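See structure below.
The values are calculated or read from the model by the stated rules, or taken from the named source; none is laboratory data. All figures in this text were calculated on a predicted structure; none of them were measured in a lab. Cβ: placed from backbone, ideal geometry, glycine included. Neighbour counts: every protein chain shown.
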Amino acid sequence: MTAETRLRALVVEDETFTRRELAAMLDALPEIGDVREADGGESAVRQLGETAFDAVFLDISMPGLDGMAVARVVGRLSTPPAIVFVTASEQHAVDAFGIGAIDYLLKPVRPERLAEAVSRAAAPRRPGAAAPRPSQVDELAVVQVENGRHTAFVHRDDIQYVEAHGDYVRLHTGEGSHLIRMPLSYLEEVWAPAGFVRAHRGYLVAIGWVRDLWVSSSAGLLARTPAGDVPVSRRHARALKERLLAAVRDEEST
């Protein structure tokens, strides 16, 4: 990248060592041209009002104004910078992406994950690139699953059904399953346009993966997918059948 297209980044973190370490990691990346630091939410808001930043790397748990509050301030700017949350816990991931974060990094931050986040933030500034309009943003088309030091990226199109597990959901694909902390109701809302429908109080199923419906003497009505059978409650059976029928008609008409 040229000097004109390099990013101006703001690191917001109340712990001095962590803040300086992250700033140094950012400063070493070729996409970054300038790194500023803020030791809390109030300092961050003040700097955001004085300087145009391209990316903000936000801790969430901070005294006073926390990272979520700062992110909401960022969203009201006329030209908001990209938001990357950097935190020790997965529990805020749903809210973070709902606010519009482009990435969510877990501490301790691995250099390769930080580089990925910076690359996403820099994408609109590359020659010939256009910033996506809100209508072009496909929320959670790829789900990031952190498991210790391993990060998996699960494509929504590969997910055949979703099963609720308390505060978590299990994403079932043809190759296995992944457990993430996220409400089933949230996925039902954001994935409805992609063909995910409620089959049961604790299940969503992807219409495109349903092969047929069948009745088990022990489990009742089930939707068969290659990844497994999904329970279908009486409450949701009619709507599911209508969606399946509509999908078949659409397929035949194309």
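Give the number of residues within region 199-254 that are assigned to a loop (DSSP other than H, G, I, E, B), among the small types (Gly, Ala, Ser) and within 23 Å of residue 170 (Cβ to Cβ).
5
Of everything in region 198-232 that's within 24 Å of residue 176 (Cα to Cα), among the small types (Gly, Ala, Ser) and over 27 Å from the mean Cα position of the chain (by Cα), which residue is modelled with the lowest pLDDT?
Filtering region 198-232 for residues that are within 24 Å of residue 176 (Cα to Cα), among the small types (Gly, Ala, Ser) and over 27 Å from the mean Cα position of the chain (by Cα), the one modelled with the lowest pLDDT comes out as 219.
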